[in-house]
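Student: Next up is a structure, given as structure tokens.
Any read-out appearing in this document is the output of simple, stated calculations on the displayed coordinates, not a laboratory observation. Not measured: the values here are computed from a predicted model. Positions of Cβ are generated from backbone atoms using ideal geometry, with glycine treated the same way; all protein chains shown enter the neighbour counts.
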Amino acid sequence: MTRTALTAAAVVADAAALADEAGFETVSLSAVARRLGVRTPSLYSHVRDLEALLDGVAALALAELAGRVAAAIAGRAGRAALEGYAAAYRSYARESPGRWQSMQRRAGDAVVRSDAARETVALTGAVLRGYPVPEDEHVHAIRLLGSTINGFLALERIGGFDHSEPSSEESWSRTVDALDALLRAWPADPRHRKAQP
């Protein structure tokens with residue numbers, strides 16, 4: 001049987017599959033090499049080191065997530081777009097837990113400068129354009145959305161909501177309601193507020 005030639009994309013894809021199956025923390029060059037049936041040194045022709053491999057998984061995950069978000073918000077605005085955006089994140093985190101975890105670490109420059117990262121920011125900006133959030137405030141709103149959604153999903157993933165009522169589904173809906181309300185009433189930049197008498 002002829003083995004398929006290794007490529008950087010194939011190595012990263014296998015690492016992503018391992019992350020989903022066994023947890024992101026299990027991804028190592030030796031573990032991926034074993035799965036591919038090669039010796040670890042063979043991987044260095046395709047990935048520089050472990051950090052590059054982990055960044056590759058994160059970039060792959062970001063591209064997949066961006067595709068889901070794009071589909072989820074297409075033709076929607078305001079609350080409907082926000083709902084689709086948040087749901088895309090949540091479903092991806094549930095269905096691809098290892099890939100999701102790969103995005104919960106400090107990303108390298110290759111990930112930060114990737115097309116997928118730019119597309120993700122642009123898609124979030126598209127959601128925000130359905131709200132009265134000034135363009136120069138988008139970075140703050142993006143950070144709010146990211147920290148709220150990622151924080152909820154991280155707690156949900158470790159079972160943080162399993163021991164009390166109501167269900168996390170109800171809390172998720174209330175969280176999206178709260179984000180929608182906050183974005184609709186986005187506070188003015190304090191630098192632009194009139195001085196109080």
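Student: Checking the condition under 24 Å from Ala16 (Cβ atoms) and either under 20 Å from the mean Cα position of the chain (by Cα) or not in a helix (DSSP H, G or I) (or both), which residue from Ser173, Ser91 passes?
Tutor: Just one listed residue meets the conditions, Ser91.
Student: Hey, does segment 185-197 have a residue that's surrounded by 14 or more Cβ atoms within 10 Å (Cβ to Cβ), part of a helix (DSSP H, G or I) and either touching a Gly at 6+ places or on another chain (Cβ under 9 Å) or of a type outside the set (Lys, Arg) (or both)?
Tutor: no
Student: In segment 109-127, how many are buried (at least 16 other Cβ atoms within 10 Å of the Cβ) and not β-branched (Val, Ile, Thr)? Steps first, answer last, please.
Tutor: Filtering segment 109-127 down to residues buried (at least 16 other Cβ atoms within 10 Å of the Cβ) leaves 111, 114, 116-117, 119-120, 123-124, 126-127.
Filter again for not β-branched (Val, Ile, Thr), leaving 114, 116-117, 119, 123, 126.
The total comes to 6.
Student: A follow-up question, please. Name the pairs: first residue in segment 108-134 and over 16 Å from Leu179 (Cβ atoms), second residue surrounded by 14 or more Cβ atoms within 10 Å (Cβ to Cβ) and not aliphatic (A, V, I, L, M), Cβ to Cβ under 6 Å, at least 6 apart or on different chains?
Tutor: Matching pairs, first to second residue: Gly108/Asp55; Ala110/Asp55; Val111/Asp55.
Student: For segment 1-58, name all the residues that are loosely packed, with under 15 Cβ neighbours inside 10 Å, charged (D, E, K, R) and within 19 Å of Ser114 (Cβ to Cβ).
Tutor: Arg48, Asp49, Glu51
Student: Right, next: Among the numbered criteria (1) among the small types (Gly, Ala, Ser); (2) more than 12 Å from the chain's Cα centre (by Cα); (3) in a helix (DSSP H, G or I), which one does Gly146 miss?
Tutor: (2)
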